[in-house]
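These notes concern the structure reproduced below.
The values are calculated or read from the model by the stated rules, or taken from the named source; none is laboratory data. What you see is a predicted model, and the numbers here were worked out from it, not measured in a lab. Note that we place each Cβ from the backbone using ideal geometry, even for glycine, and neighbour counts take in every protein chain shown.
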């Protein structure tokens, strides 16, 4: 069956909210943006905003999740974890470049990736869950910082940085594993 009028309206309203959000993110940043600003820019009332979003933080989290889902893996980089995937478009890139939203991006990447990556680090190194989580967070933060420095732009420099970071991480995992093995001789 086709899309209903309400579905089209809802999708349209969400799109104008998102457009307003990204425009304000570029102009004033996340910290200075208010729901009232978003509503004015989107030409909607606050009640309409709150029908679609709990608050500006929930909107940001939803947009971060969209950005992460839309981020394609790099060609030739096998692991291509979420922190190694450049944003799919310029609007999403704003999420990564705004200082205030960047912290939430990092938190969401950690939340979304920990379930898969922490057990993998534990298996590779024999570390406890807590220690593996610390290494995972360090890796995510480092990758995000380097990628932010490079402007999240795909290209040879970005691919080279990913290869370098992967080699560094792999070497670190091997070193931690060897250290653990030397501390716990059988």
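Hey, any hits in segment 74-90 for a residue that's more than 13 Å from the chain's Cα centre (by Cα), modelled with pLDDT of 60 or more, more than 28 Å from residue 121 (Cα to Cα) and surrounded by 17 or more Cβ atoms within 10 Å (Cβ to Cβ)?
no
Looking only at residues in segment 28-37 that are assigned to a helix (DSSP H, G or I) and under 14 Å from residue 60 (Cβ atoms), which one is farthest from the chain's Cα centre (by Cα)? If you could, list the steps in order and put the result at the bottom.
The first filter runs over segment 28-37 and keeps only residues assigned to a helix (DSSP H, G or I), leaving 35-37.
Filter once more, keeping what is under 14 Å from residue 60 (Cβ atoms): 35, 37.
Working: 35: 22, 37: 24 Å.
Per the stated criteria, the residue is 37.
Output the residues belonging to segment 104-121 that are free of Cβ contacts under 8 Å to residues at least 24 places away in the same chain and closer than 19 Å to residue 93 by Cα. Give the derivation first.
From segment 104-121, those free of Cβ contacts under 8 Å to residues at least 24 places away in the same chain are 107, 111, 114-116, 118-120; that's our starting set.
107, the sole residue that qualifies.
Considering segment 48-61 alone, what residues qualify as being assigned to a helix (DSSP H, G or I) and touching a helix residue (DSSP H, G or I) at 6+ places or on another chain (Cβ under 9 Å)? First the steps, then the outcome.
So the first thing to find is which residues in segment 48-61 are assigned to a helix (DSSP H, G or I), and the list is 48-52, 56-61.
Across segment 48-61, the qualifying residues are 48, 49, 50, 51, 52, 56, 57, 59, 60, 61.
Applying the selection to segment 122-158, what residues are more than 30 Å from residue 97 (Cβ to Cβ), crowded, with 17+ Cβ neighbours inside 10 Å and free of Cβ contacts under 8 Å to residues at least 40 places away in the same chain?
The one that is more than 30 Å from residue 97 (Cβ to Cβ), crowded, with 17+ Cβ neighbours inside 10 Å and free of Cβ contacts under 8 Å to residues at least 40 places away in the same chain: 122.
Whether any residue in segment 164-171 is part of a helix (DSSP H, G or I), touching a residue at least 60 places away in the same chain (Cβ under 8 Å) and either within 25 Å of residue 58 (Cα to Cα) or within 17 Å of the chain's Cα centre (by Cα) (or both) is what I want to check. Talk me through it step by step, then tell me what you get.
Applying the first criterion (part of a helix (DSSP H, G or I)) to segment 164-171 yields 164-171.
Now restrict to residues that are touching a residue at least 60 places away in the same chain (Cβ under 8 Å): 165-166.
Those left that are additionally either within 25 Å of residue 58 (Cα to Cα) or within 17 Å of the chain's Cα centre (by Cα) (or both): none.
Checked against the condition, which is being part of a helix (DSSP H, G or I), touching a residue at least 60 places away in the same chain (Cβ under 8 Å) and either within 25 Å of residue 58 (Cα to Cα) or within 17 Å of the chain's Cα centre (by Cα) (or both), segment 164-171 yields no hits at all.
Go through 6, 44 for me and flag whichever is surrounded by 11 or more Cβ atoms within 10 Å (Cβ to Cβ), without any contact (Cβ under 8 Å) to a residue 60 or more places away in the chain and over 19 Å from residue 100 (Cα atoms).
Working: 6 fails: surrounded by 11 or more Cβ atoms within 10 Å (Cβ to Cβ).
Only one candidate passes the filter, namely 44.
Test residue 25 against the stated conditions and say whether it is buried (at least 17 other Cβ atoms within 10 Å of the Cβ), touching a helix residue (DSSP H, G or I) at 6+ places or on another chain (Cβ under 7 Å) and part of a helix (DSSP H, G or I).
In short, yes.
Residue-by-condition table, conditions (1) in the same structural domain as residue 69 (by TED's automatic domain parsing); (2) more than 26 Å from residue 65 (Cα to Cα); (3) modelled with pLDDT under 85; (4) touching a helix residue (DSSP H, G or I) at 6+ places or on another chain (Cβ under 8 Å):
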site: 92; (1), (2), (3), (4): yes, no, yes, yes
site: 97; (1), (2), (3), (4): yes, no, yes, yes
site: 104; (1), (2), (3), (4): yes, no, no, yes
site: 119; (1), (2), (3), (4): yes, no, no, yes
site: 141; (1), (2), (3), (4): yes, no, no, yes
site: 149; (1), (2), (3), (4): yes, no, yes, no
site: 156; (1), (2), (3), (4): yes, yes, yes, no
site: 159; (1), (2), (3), (4): yes, no, yes, no
site: 169; (1), (2), (3), (4): yes, no, yes, yes
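Every residue in segment 28-39 that is touching a helix residue (DSSP H, G or I) at 6+ places or on another chain (Cβ under 8 Å) and more than 19 Å from residue 67 (Cα to Cα), please. Write out each step before concluding.
Here is the first cut: in segment 28-39, the residues touching a helix residue (DSSP H, G or I) at 6+ places or on another chain (Cβ under 8 Å) are 28-31, 33-39.
Across segment 28-39, the qualifying residues are 28, 31, 33, 34, 35, 36, 37, 38, 39.
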